[in-house]
Amino acid sequence: MFYREAGDFKTSYREDSQTFPIKFDRLRYYAVLAVAFGVIPLFINDYWANAVFVPFLIYSIAAIGLNILVGFAGQVSLGTGGFMAVGAYAVYKLMTAFPEVSVFFHVLIAGGITAGVGVLFGLPSLRIKGFYLAVATLAAQFFLVWLFNKVPWFYNYSASGQINAPDRTIFGVFVTGAQTSATAKYMFCLVMLTIVAVIARNLTRGTVGRKWMAIRDMDIAAEIIGVNPLTTKITAFAVSSFFIGIAGALFFAVYLGAAEVGEAFGIQKSFLILFMVIIGGLGSIFGSFAGAAFLVLLPVLLKNVLVGTLGWPTDLAAHIELMIVGGLIVVFLIAEPHGLAQLWRLAKEKLRLWPFPH
Amino acid sequence: MPDQLLFAMEVTLNGLMAGVMYALVALGFVLIYKASGIFNYAQGVLALFAALTLVGIQQGQVPFAHLINAMTGMHVSHFGWTVPSVLAIILTAGVMVGLAVIIEKLVLKHLVNQAPIILFMATIGLAYFLEGFGDVMWGADIKKLDVGLPQGISETVESVTDSIFGYGFFIDNLDIVATVVAVLLVTALTLFSQYSKQGRALRAVADDHQAALSVGISLRFIWILVWSIAGFVALVAGIMWGSKSGVQFSLSLIALKALPVLMLGGFTSIPGAIVGGLIIGVGEKLFEFAIGPMIGGATENWFAYVLALIFLVFRPQGLFGEKIIERV
């Protein structure tokens, strides 16, 4: 009834090939955009921005990036933290070297640099497959973190070894540094996320995305029907790393403000984002959002309940939180291995007939 | 002999010993991967959990003391007794078997036939859970593990090498014990899998799940068995690493040290785990010794991975892994 393909007539090719061909999807998309751009900025405060919205937006970008690699192209990567670090250090170097250029472009260029690094570490994927590749990408993770720790040029020879985001503005509004308002942080990340999501959505439903999926489903068969594995895998790594680099740049410049590489971009980050992708649903853009929302909200919620309501000591609460997160992940994988996106798909199936099932 | 060469020899020896320690962890991975196709990320946390349990039992700690205190306002910490090391080790081994049964019943049973990546993520979830659980159960403070293993520098090695080369090698006693234990463990595992009925069933399952099922081998029993063995291997690794550097969170990170060993040796090969461990151990120590000072040191974190990565480009299935045959 509410969600249906029937009766939604297309009279031009343009209409037929639009991003959301089904009316309900389209309306939902506009509604989400309207709320995200129009309503939330009016009510957002520092707590909500820092605890929920900004991390959610940034992790969504990273999850979309990783989902392209793992969910669409089938190349499991555990190097996400390292690639985010590349984005963060690239944007830091750019911000300090070219202060007159807008930070918006710095973030995009940082993504581009990360894409280059991603391609470099993606090259072995032509020979190495499956878990061997997953472990091989850990090489990127550890090597990059070590590199940013050991080479002082990357952190401008600062004594602490940390990188600090300088104050930068877009259209006269601070978006990085200490004076940034919650709304500015939120809007900057939201704009980036919207750009990334639209690009990702359109890439994955076009030729490139189909090639990725062919490689994922069976690379040899794909090769036989004329998909070039070199360019396909490399583009997957490039696009994925581009998004992850943007996420890393925002994570450092907007969200953290100051970062130490091992702490902010360690192996835990790689696992966290992989969890988002898996829990959200492999091969689904919506799933990336859902997974990021789930894993950002869960710890906040647990912390509020355990420390805030029950009044337990923080260290104990942290351990219990770890248990619950781990347990929930296992429960989730058992209950719905295809992730939250699959639940959404099932809901849409139901909505098709509901409330008149005959 | 020139000093540099002697140093290099000492570094190599130490690397070999370190490699044995890596191989101990890698062994647990290989066992589970062979028998169930699960890449068990939780192996490192299993080692941590085993070591924590061992210390806890040995010192008579009250499990969940912190939680009980927080919930009831009591102040309990220890029962007030200590358990002899041997008994504690046996009890811990029992706990690990129990854990294997629980894992099989609650997690693995429900995930049969899922994609490998899902199983892998499930073990990461398991690792998180166990990490939190171990800390809640036994407390998160750094503990000292002492089961009576010799500590310190081996004087015999030092005096023998001193009389031969005129320069005494520093080798840790504990490393020598670890080497002996690892050799014993591998021999026992090999004998078990070659000559016992269960061992044969294990190899059958590793070869082909469905064929094994069709001749009447219980897959679930084999999984419990193999996770128990992996738990036992984790206990041994936990004892060795725990005696060396204390029982704390970082113990679970040894899993990350074992991964390049696995890549190098092949996920399915027990000898591969040993040889891979030795290559990685020697490689990273020598690299740190020769090149490390020039580029800032602390190369041990990544060198093993890069070595394994370069190696895999030439031999994608690892040193002893089964040849990957792909068909359309």
(request) Working only within the range B:232-253, note down all residues that are touching a Gly at 6+ places or on another chain (Cβ under 9 Å), buried (at least 24 other Cβ atoms within 10 Å of the Cβ) and not small (G, A, S). (result) B:V233, B:V247, B:L251
(request) Tell me which residues, restricted to the range A:340-358, are small (G, A, S) and either at the interface with chain B (Cβ under 7 Å from one of its Cβ atoms) or in contact (Cβ under 8 Å) with a residue 12 or more places away in the chain (or both). (result) A:A341
(request) Might you let me know whether the range A:174-181 holds any residue that is touching a residue at least 60 places away in the same chain (Cβ under 8 Å) and either farther than 25 Å from A:G65 by Cβ or in contact with a Gly (Cβ under 6 Å, 6 or more places away or on another chain) (or both)? (result) yes
(request) Go through the range B:284-308 and give me each residue that's surrounded by fewer than 21 Cβ atoms within 10 Å (Cβ to Cβ) and away from chain A (no Cβ under 11 Å). (result) B:L286, B:F287, B:E288, B:F289, B:A290, B:I291, B:P293, B:M294
(message) Name the single residue that is farthest from A:H338 (Cα to Cα) among those in the range B:112-147 being crowded, with 18+ Cβ neighbours inside 10 Å and charged (D, E, K, R).
(response) B:K143
(request) Might you check whether a residue that is exposed (fewer than 13 other Cβ atoms within 10 Å of the Cβ), outside any helix (DSSP H, G or I) and without any contact (Cβ under 8 Å) to a residue 40 or more places away in the chain occurs anywhere in the range A:99-106? (result) yes
(request) Please report, ordered by residue number, the helices (runs of 4 or more DSSP H) entirely within the range A:223-301 with at least 1 residues that are free of Cβ contacts under 8 Å to residues at least 40 places away in the same chain and not aliphatic (A, V, I, L, M). (result) A:229-250, A:261-264
(request) Could you tell me whether A:N149 is polar (S, T, N, Q), farther than 19 Å from A:I109 by Cβ, surrounded by fewer than 22 Cβ atoms within 10 Å (Cβ to Cβ) and in contact (Cβ under 8 Å) with a residue 12 or more places away in the chain? (result) yes
(request) Report whether or not A:G161 is away from chain B (no Cβ under 14 Å) and either assigned to a helix (DSSP H, G or I) or in contact (Cβ under 8 Å) with a residue 12 or more places away in the chain (or both). (result) no
(message) Can you tell me which residue is nearest to the other protein chains (Cβ to nearest Cβ) among those in the range A:50-105 that are of a type in the set (V, I, T) and under 22 Å from A:T232 (Cα atoms)?
(response) A:V76
(request) From (1) part of a helix (DSSP H, G or I); (2) surrounded by 19 or more Cβ atoms within 10 Å (Cβ to Cβ); (3) touching a Phe, Trp or Tyr at 6+ places or on another chain (Cβ under 7 Å), pick out the condition that doesn't hold for A:K211. (result) (3)
(request) Out of the residues in the range B:128-142 that are more than 7 Å from chain A (Cβ to nearest Cβ) and in a helix (DSSP H, G or I), state the one that is farthest from A:E321 (Cα to Cα). (result) B:W138
(request) Could you please give the count of residues in the range A:274-315 that are within 12 Å of chain B (Cβ to nearest Cβ), aliphatic (A, V, I, L, M) and buried (at least 22 other Cβ atoms within 10 Å of the Cβ)? (result) 7
(request) Scan the range B:53-76 for residues that are more than 14 Å from chain A (Cβ to nearest Cβ), among the small types (G, A, S) and free of Cβ contacts under 8 Å to residues at least 40 places away in the same chain and jot them down. (result) B:G60
(request) Collect the residues in the range A:248-267 that are within 15 Å of the chain's Cα centre (by Cα) and within 12 Å of chain B (Cβ to nearest Cβ), keeping them in residue-number order. (result) none
(request) Quick one: in the range B:83-107, of everything that is in contact with a helix residue (DSSP H, G or I) (Cβ under 7 Å, 6 or more places away or on another chain) and either at the interface with chain A (Cβ under 10 Å from one of its Cβ atoms) or β-branched (V, I, T) (or both), which residue is nearest to A:P299 (Cα to Cα)? (result) B:V107
(request) Can you tell me which residue among A:T183, A:T194, A:T176, A:T169 is more than 30 Å from B:Y33 (Cβ to Cβ), in contact with an Asp or Glu (Cβ under 8 Å, 6 or more places away or on another chain), away from chain B (no Cβ under 14 Å) and among the hydroxyl-bearing types (S, T, Y)? (result) A:T176
(request) Enumerate the pairs (first residue in the range A:326-339 and at the interface with chain B (Cβ under 7 Å from one of its Cβ atoms) and closer than 13 Å to A:M276 by Cβ; second residue anywhere and of a type in the set (V, I, T) and part of a helix (DSSP H, G or I)) with beta-carbon separation below 8 Å, excluding pairs fewer than 6 apart on the same chain, so at least 6 apart or on different chains. (result) A:I329/A:I279; A:I329/B:I124
(message) So, in the range A:109-146, how many residues would count as being more than 26 Å from B:F267 (Cα to Cα), at pLDDT below 90 and surrounded by fewer than 20 Cβ atoms within 10 Å (Cβ to Cβ)?
(response) 0
(request) Please work out if B:A182 is in contact with a helix residue (DSSP H, G or I) (Cβ under 6 Å, 6 or more places away or on another chain), within 14 Å of chain A (Cβ to nearest Cβ), part of a helix (DSSP H, G or I) and surrounded by 21 or more Cβ atoms within 10 Å (Cβ to Cβ). (result) no
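The values are calculated or read from the model by the stated rules, or taken from the named source; none is laboratory data. Remember, predicted model here, so these are calculated numbers, not experimental data. In this analysis, Cβ positions are derived from the backbone assuming ideal geometry, glycine residues included, and neighbour counts consider all displayed protein chains.
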